[in-house]
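Data first, discussion second: the structure below is written as structure tokens.
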Amino acid sequence: MLKITRIILAVLSLLAVTALFVDVTGFAMHHWAWMAKIQLIPALLSLNLVVLAALIALALVFGRIYCSIICPLGVYQDVVNRISTACRPRRKRKLGKFHSKPAANMMRNTFFIVFALLIAGHLISLPIYIASLIEPYSAFGRMATWLVKPGVVEINNALADSGNTAFVHASMPHLSIPALAVAAITFIIVTAMAWTSGRDYCNKICPVGWLLGKLSKFALLKINIDTDRCNGCGSCARHCKASCIDPKTHTIDYTRCVTCFDCIGECTQHAISYSPVRKSQEAAPRKTTDKSRRAFLSGGAVVVASLAAEAIDKTTDGGLAPIKSKRPSASSIRIVPAGAKGAKSLSERCTACQLCITNCPNSVLRPSEALDSLMQPVMAFNEGWCRPECTVCGDVCPVGAIEPVDLAVKSSTKIGTATVDLDRCISAAYGQTCGNCARRCPAEAITMIPVSENGGNLRPMVDENACIGCGSCEYHCPVGRAGNIPGETAAIHVEGIDIHHLI
């Protein structure tokens, strides 16, 4: 029953976390967004002391059961291992495919020390996303977003296009080749290791596995081998995907045991139990000295105006056909959501898990392709704008890189300033009747004034003290979308600012 219960909980956990990244209805995020916030590294980076205390207590009582139930990448490896086992001939499947192996302590310690240094790297302005390349939750999030969600979106849209009213047409986040490449490489490495060697990724590369392994040495409940009943057949070791059981000495390396209970089900002598263990049954110390250290890381008015504005957001240009795809404007400073406080602050904490990007309802967030912020969220306003009444990104971020903000704070937080290119504005330069930017500004920060004192064409004037940088003006500007107007970007765009502040 231990194994069956563990499998049921693990499957439910995997489905729930996967749904956070691939669900197009918002149902998953509304009901179990907490699943992302109980992952170890996000809880550590956000200093969620309650979750951290609970996870530490879990490890000190039950061992590394986190790795077999809560961690999505760990459960995914179990799925791959089961498929791999099912593909083997029946005789070999019953015999088992693993064997006892010594712990790769040097490799494990090296990866953890590098990870810890990278986590602390913000002290020298090193982006934290580099550390997240091997962090299990973020790695799984990128795999789910870029390798699974496209298929889900295609199926959903096919059903919506067929006339099924239960489905609404959905869109994918803007494609990022670097993010897709990282997700594909991670998928290949993790899948290959799980297919051939079970939990090798967890016990050689994963920093969470290293940390929980150290705690699990002191766990109250452990896998216990009764030497009086054991006949030395070695079946437990051949079915141990962590390769941590030595049948000759009847010892278990509890730093690698993921508490999956597979060995209990395979023992025909009922010599293995899950209970408090005697000191004599602990794994004998290895000759290799563990020199690593434990690391303790720390890591209003506008809303009403926005809601009152028309929500049609058409892709037409008011008669200036033909229509073309508008490209995002470049900003010298990366534009990030209000709860991030600024690009530098976000870079120091964001693990690039893609949860905010895949759940952005306004198609504003996309993965950055700049080397100093690779795969971290950046805002672009060619396909949508950041509505002041939307706080989804802050609500879903599990590491606190984008902090939750209420509507009053969101609607009055300045994240950038709109800038007008008068040489390309169809009102100022071409004398066309437009004013889209002024009409669509929820902060009423743009007014149309004459180009010169003698009158003439109207031009947009931006009140920098009122503009919050929501991007509505850039998104609704017909320049860049109208085929007979030169250029592929809007005539008005948002420039980011270093540090966000209230207006």
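Listing for the model above:
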| quantity | calculated |
| --- | --- |
| Sole exception among (1) closer than 17 Å to ALA103 by Cα; (2) open to solvent by 10 Å² or more (accessible area, probe 1.4 Å) for VAL258, by number | (2) |
| Failed item, numbered, when ILE503 is tested on (1) open to solvent by 60 Å² or more (accessible area, probe 1.4 Å); (2) on the phi > 0 side of the Ramachandran plot | (2) |
| Residue in region 427-434 that is over 20 Å from ILE499 (Cα atoms), in contact with a Phe, Trp or Tyr (Cβ under 9 Å, 6 or more places away or on another chain) and open to solvent by less than 30 Å² (accessible area, probe 1.4 Å) present | no |
| Verdict on GLU464 being of a type in the set (Asp, Glu), farther than 30 Å from ALA33 by Cα and either crowded, with 24+ Cβ neighbours inside 10 Å or in contact with a Phe, Trp or Tyr (Cβ under 9 Å, 6 or more places away or on another chain) (or both) | no |
| Index of the failed condition, ARG439 passing every other in (1) surrounded by fewer than 20 Cβ atoms within 10 Å (Cβ to Cβ); (2) touching a strand residue (DSSP E or B) at 6+ places or on another chain (Cβ under 7 Å) | (2) |
| Enumeration of residues in region 328-347 that are among the aliphatic types (A, V, I, L, M) and assigned to a loop (DSSP other than H, G, I, E, B) | ALA330, ILE333, ILE335, VAL336 |
| Matching option when the condition is open to solvent by less than 30 Å² (accessible area, probe 1.4 Å) and of a type outside the set (Phe, Trp, Tyr), among PRO102, PRO42 | PRO42 |
| Neighbours by Cβ (under 6 Å, 6+ apart or cross-chain): first from region 374-401, under 24 Å from TRP34 (Cβ atoms) and open to solvent by 10 Å² or more (accessible area, probe 1.4 Å); second in a loop (DSSP other than H, G, I, E, B) and small (Gly, Ala, Ser) | GLY400/SER46 |
| Looking only at region 201-233, and only at residues there that are of a type in the set (S, T, N, Q) and closer than 25 Å to PRO136 by Cβ, the one that is surrounded by the fewest Cβ atoms within 10 Å (Cβ to Cβ) | SER216 |
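Per-residue answers, yes or no, for (1) under 26 Å from VAL392 (Cα atoms); (2) surrounded by 18 or more Cβ atoms within 10 Å (Cβ to Cβ):
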residue	(1), (2)
ARG64	no, yes
VAL75	no, yes
MET107	no, no
GLU135	yes, yes
ARG142	yes, yes
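Listed here are the residues, each with its yes/no results for (1) within 26 Å of ALA338 (Cα to Cα); (2) aliphatic (A, V, I, L, M).
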position: ALA418; (1), (2): yes, yes
position: ASP421; (1), (2): yes, no
position: CYS425; (1), (2): no, no
position: ALA429; (1), (2): no, yes
position: VAL462; (1), (2): yes, yes
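The values are calculated or read from the model by the stated rules, or taken from the named source; none is laboratory data. None of the values given here were measured: they were computed from a predicted structure. Methodologically, a virtual Cβ is constructed for each residue, glycine included, from the backbone with ideal geometry; neighbour enumeration extends over all protein chains shown. Keep in mind that these areas ignore ligands, DNA and RNA; they rest on the heavy atoms of the full protein, side chains included. Shrake-Rupley method; radii C 1.70, N 1.55, O 1.52, S 1.80 Å.
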